[in-house]
Amino acid sequence: MKCLPLLFLVVACGSSSSKTPDAHLIDAASTIDGPVDTAIDAPVDAPADAPPNASGTHYHYILDSLSWPTTSNQARADAFDLDNDGTLDNQLGQVTSTLTGQGLDIQTAQDQAIARGDVLMLADVQTTDLATATDAGYTMYVGTNPNPAPCSSVSDTICRHHLTGTGTFDAAATPRDAQLIGSITAGQLTAGPGHLSLQMTIFNSTPVTITLLAAHAKVTPTANGITTGILGGAIAQSDFHAKIYPAMQTGFAAVIATDCTGQNPPGCGCTANSNGATMIQLFDANHDCAVSEPEIENNSLIMALFQPDVMVEGQMALSAGFAITGVGATYTP
């Protein structure tokens, strides 16, 4: 198994940790020559001013592409400054660009899941004007019940029949994230922070739904679609252990079963230069021609590249960013 140099792990990911402002203790009961004026003084735990609400028309879309960064330049382009330290954050993008450089094809499985309707990500833009607005909103839902069916038959290898701009869908009851609030300037909506729920597939795994913390969106919506867009945020470590690592293991197993015979380690009968051969080479620590979930979680490359890099919402998390496009869709809400 080839060794990876340490320099390989030092990627331009903008790793940082935010600083929590000092808390200010307010003695609401203290007075000067008289009682507290309850009509003027707010209680200690009064909330800050509520964020503005979006207004206007709801424009509905379904994402017809979600692109994983495959180069460091793409990772930087699909990034936001999540912890306000002046550095763009997209460590997961650097991870996927690194794995792509090692010969692993991550994008094809995501494209196929979208084409076949295994992944249905509905987007909502609310605004008074698609060109200029100060109170616009963006949110997403997991879709169900696509009509027309994504594939015309079991032999349909192209599918995508639900992505023509006229498809109808149902929005799943959960998750339901509050809108990201922002503004539109010159036709581009910039909104956040907040939460966004995204569906992703890791190689040939069943899609998983993860929540982006401190999420931001920068999209160009039209009446008929989202022509360009970037979604970014941070993934909590709990999502990695509960969702992403298990999905990677099932995806790896499916690929290895296709590309390898499972005999004669360490080569394991894998087709030369296949994804399965790369997975065996990188992750099969005990040389049994399979990759277990612990072998993934304890892999030195994975541990180094998936190291949390931002402090958001009081926890360390891994920054992520993706490029998206969308087409028109009909659904409620």
### Message
Return the pair list, or none, for Cβ contacts closer than 6 Å from residues in segment 212-226 that are of a type in the set (Lys, Arg) to residues that are part of a strand (DSSP E or B), at least 6 apart or on different chains.
### Response
Lys218/Thr190; Lys218/Ile230
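Identify all residues within segment 117-134 that are surrounded by 17 or more Cβ atoms within 10 Å (Cβ to Cβ) and over 16 Å from Ala172 (Cβ atoms); write none if there are none.
Across segment 117-134, the qualifying residues are Val125, Gln126, Thr127, Leu130, Ala133.
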### Summary
Residue set Ser197, Ser205; condition within 24 Å of Asn275 (Cβ to Cβ) and of a type in the set (Gly, Ala, Ser); output residue Ser205
### Query
What is the one condition in (1) under 24 Å from the mean Cα position of the chain (by Cα); (2) not in a loop (DSSP other than H, G, I, E, B) that Thr134 does not satisfy?
(1)
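Condition first: within 20 Å of Ile62 (Cβ to Cβ) and either free of Cβ contacts under 8 Å to residues at least 24 places away in the same chain or polar (S, T, N, Q) (or both). Now tell me which residues in segment 196-210 satisfy that.
As a first pass, look at segment 196-210 and keep what is within 20 Å of Ile62 (Cβ to Cβ): 196-201, 206-210.
Listed by number, the residues that qualify are Ser197, Gln199, Thr201, Thr206, Thr209.
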### Query
surrounded by 15 or more Cβ atoms within 10 Å (Cβ to Cβ) and in a loop (DSSP other than H, G, I, E, B): does that describe Ala290?
yes
### Task
Can you confirm whether segment 210-222 contains a residue that is over 19 Å from the mean Cα position of the chain (by Cα), surrounded by fewer than 22 Cβ atoms within 10 Å (Cβ to Cβ) and not acidic (Asp, Glu)?
yes
### Message
With the requirement that a residue be within 21 Å of Gly137 (Cβ to Cβ) and either in a loop (DSSP other than H, G, I, E, B) or more than 24 Å from the chain's Cα centre (by Cα) (or both), what does segment 150-180 give you?
### Response
Ala172, Ala173, Thr174, Pro175, Arg176, Asp177, Ala178, Gln179
### Task
Determine, yes or no, whether Thr261 is among the hydroxyl-bearing types (Ser, Thr, Tyr) and in a loop (DSSP other than H, G, I, E, B).
yes
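Taken together, the values in this text are just the output of simple stated rules run on the coordinates, not laboratory data. Keep in mind that what you see is a predicted model, and the values were worked out from it rather than measured. Note: ideal-geometry Cβ built from the backbone for every residue, glycine included; neighbour counts use all protein chains shown.
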